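The values are calculated or read from the model by the stated rules, or taken from the named source; none is laboratory data. Not measured: the values here are computed from a predicted model. So basically every Cβ, Gly included, is an ideal-geometry build from the backbone, and we count neighbours across all protein chains shown. Quick note on the areas: whole protein, heavy atoms, side chains included, nothing else; ligands and nucleic acids left out. Shrake-Rupley method; radii C 1.70, N 1.55, O 1.52, S 1.80 Å.
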Amino acid sequence: MDLRDYVAALRKRWYIVAALAIIGAGAAFAQAHASPPQYRAQSTVFVSIARGATTQELVQGSTFTQDIVQSYAKLATMPVVLDQVIYDLDLDTTPKALAEEITAENPLDTVIIEIDAVATTSTGASDLANAVADELTTTITNLSPSSNKKSAVEVTVVARADPPQEAFAPRTRLAALVGFAGGFGLGVAIAVVRALLDTRVRTAAEIEQLADVGLLGAIPRRRGRRSRGAVTAIDPHNVAAEAYRRLQTNLQFLDASSPVRSIVVTSSIGGEGKSTTSINLALAIAEQGQRVLLVDADMRRPAVADYCGIEGAAGLTTVLIGKAELDDVVQVWGDANLHVLTMGEIPPNPAQLIGSPRMADLLEEALASYDVVILDSPPLLPVADGAILSRLTDGALVVANCRTIHRPQVLEAIDSLETVDARCLGIVANQVRDTAAHTYYGQPEKGWFARLLAGLVRPREPRQQGYPAAGS
């Protein structure tokens, strides 16, 4: 992924980033607001030698004091001091727990001990700091070496703690800002990780970059029942109809030296729109004055008869088993140049019929009578029918639904064609969110709410005769 891919991932999943940032800020603010206030007070103790008659003794005493004052500072958080502080202040705690609220530090090159105490009340903090300072002076005096019953070290409280005016914690604004930053960072991480792990194909550009075969068409997204059926005939000025015509044009110029006359329309998995693409591609070619035969070769789940609204009891399987001739079962549908061969009855042995010599002979017979033959075949990954048919024709068109298909599935489907030495003519991206055609042929298709309002203010246009509505 490059920088643009990361930006696209964040733009696509901005709601995750925003939600986690808001949740983080809210949680941190609530926790900080619910926390008890914390007050800090400080008292200061000065440590010095008790005697020194000469300059040398003073220097030696100063050096001794600086060396030992750090050890004295550590006494402030030990039980020898805190036990008495707990007794004096009548605290309900232990020396170990109280030590976490006490900090004693010795500034560099000084003989001063600064004692910080934290409590939930202002007076409690100052009382605790002063009590520790007082007890520390007593403890140091008792532990220091003495001469003539007099301690060699003097400890003096030089600054007593005053009750602080304001609490230093919690800082709700800072906590909310940190929570926001944490949630924002987590949201960015989740968005990027999901983009890295998401293998779904979502745009025609991704499909074009994915495989070595060309992208021959991009069919814009349509919703509901309108997403299926003969949109090229029912609504010839629709952006989807124009997309199918561009697909027909691209196929026409795919190989000028050897025109494509027999095409298998398939997909990686079911539900990607291969049957709809077959029907509309056949209509687009028939518009150009060529005789077209649309064959429903999906012997697993035939759909052409239902989508076209024609009789499907007799068809391809009827011809393959010798019960009828091709001319007996083909049906003229819509344009006089377009004939349809439905699948017929579902056979118990689809793969054997597809790979039989009779199927190859039927295709040769069809090509002798028609300019173009289009076969709607099963998906490539579940069964091998589509790959077998592709070897008998000029090649296969692979339909990829940008709402459901994943990159490995597209690659595996193309590999399945290459494995049997079949030609992949190209990929048709179906259900593309927005295409350039929208900017020329009209606005992007409206959502369900906008369509509902439009239906309330104006009646539906009458159906064009000769073509059924979109299939189920």
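Among the residues that make up segment 312-329, is at least one of them under 20 Å from VAL231 (Cβ atoms), open to solvent by less than 50 Å² (accessible area, probe 1.4 Å) and not in a loop (DSSP other than H, G, I, E, B)? No, every residue in segment 312-329 fails to be under 20 Å from VAL231 (Cβ atoms), open to solvent by less than 50 Å² (accessible area, probe 1.4 Å) and not in a loop (DSSP other than H, G, I, E, B). Report whether or not ALA243 is touching a Ser or Thr at 6+ places or on another chain (Cβ under 8 Å), open to solvent by 10 Å² or more (accessible area, probe 1.4 Å) and either within 25 Å of GLU365 (Cα to Cα) or touching a residue at least 12 places away in the same chain (Cβ under 8 Å) (or both). No: the conditions fail for ALA243. Sub-9 Å Cβ pairs linking a first residue in segment 2-21 that is on the phi < 0 side of the Ramachandran plot and in contact (Cβ under 8 Å) with a residue 24 or more places away in the chain to a second residue that is among the charged types (D, E, K, R) and open to solvent by 60 Å² or more (accessible area, probe 1.4 Å), at least 6 apart or interchain, are ALA9/ARG194; LYS12/ARG202; ARG13/ARG194; ILE16/ARG194, ordered by first then second residue. Within segment 251-280, residues that are crowded, with 24+ Cβ neighbours inside 10 Å sit with their Cβ atoms under 7 Å from residues that are basic (Lys, Arg), at 6+ positions apart or across chains, in these pairs: VAL265/LYS274; THR266/LYS274; SER267/LYS274; THR276/ARG228. Regarding GLY229, is this residue over 30 Å from ASP335 (Cα atoms) and touching a helix residue (DSSP H, G or I) at 6+ places or on another chain (Cβ under 6 Å)? Spelling it out, it is not the case that GLY229 is over 30 Å from ASP335 (Cα atoms) and touching a helix residue (DSSP H, G or I) at 6+ places or on another chain (Cβ under 6 Å). From the residues in segment 367-383 that are in a loop (DSSP other than H, G, I, E, B) and either of a type in the set (D, E, K, R) or under 37 Å from the mean Cα position of the chain (by Cα) (or both), which one is surrounded by the fewest Cβ atoms within 10 Å (Cβ to Cβ)? Restricting to residues being in a loop (DSSP other than H, G, I, E, B) and either of a type in the set (D, E, K, R) or under 37 Å from the mean Cα position of the chain (by Cα) (or both), the top hit is PRO382.
If only residues of segment 101-127 that are β-branched (Val, Ile, Thr) and under 15 Å from THR44 (Cβ atoms) are counted, the one that is surrounded by the fewest Cβ atoms within 10 Å (Cβ to Cβ) is THR110.
Screening GLU364 against (1) farther than 22 Å from ARG391 by Cα; (2) modelled with pLDDT of 90 or more; (3) open to solvent by 20 Å² or more (accessible area, probe 1.4 Å) leaves a single unmet condition, (1). A count restricted to segment 1-45 and to residues that are part of a loop (DSSP other than H, G, I, E, B) and of a type in the set (Gly, Ala, Ser) stands at 1.
Every condition in (1) closer than 28 Å to LEU174 by Cβ; (2) assigned to a strand (DSSP E or B) holds for SER48 except the one numbered (1). Among the residues of segment 330-363, the ones that are part of a loop (DSSP other than H, G, I, E, B) and closer than 19 Å to ARG300 by Cβ come to 10 in all. Of all the residues in segment 76-133, those that are on the phi < 0 side of the Ramachandran plot and assigned to a loop (DSSP other than H, G, I, E, B) number 16.
Could you list all residues from segment 385-410 that are of a type in the set (Val, Ile, Thr), assigned to a helix (DSSP H, G or I) and crowded, with 22+ Cβ neighbours inside 10 Å? Across segment 385-410, the qualifying residue is only VAL410.
Inclusion of ALA413 among residues that are in contact with a Pro (Cβ under 9 Å, 6 or more places away or on another chain), touching a residue at least 12 places away in the same chain (Cβ under 8 Å) and part of a helix (DSSP H, G or I) is warranted. In segment 393-410, the residues that are on the phi > 0 side of the Ramachandran plot reach residues that are open to solvent by 60 Å² or more (accessible area, probe 1.4 Å) and part of a loop (DSSP other than H, G, I, E, B) with C-beta atoms within less than 7 angstrom, at least six apart or across chains, in these pairs: GLY395/ARG423. Considering segment 173-207, and only residues there that are of a type in the set (Val, Ile, Thr), at pLDDT below 90 and assigned to a helix (DSSP H, G or I), the residue that is surrounded by the most Cβ atoms within 10 Å (Cβ to Cβ) turns out to be ILE207. Among the residues making up segment 36-66, a single one is surrounded by fewer than 13 Cβ atoms within 10 Å (Cβ to Cβ) and at pLDDT 75 or above: PRO36.
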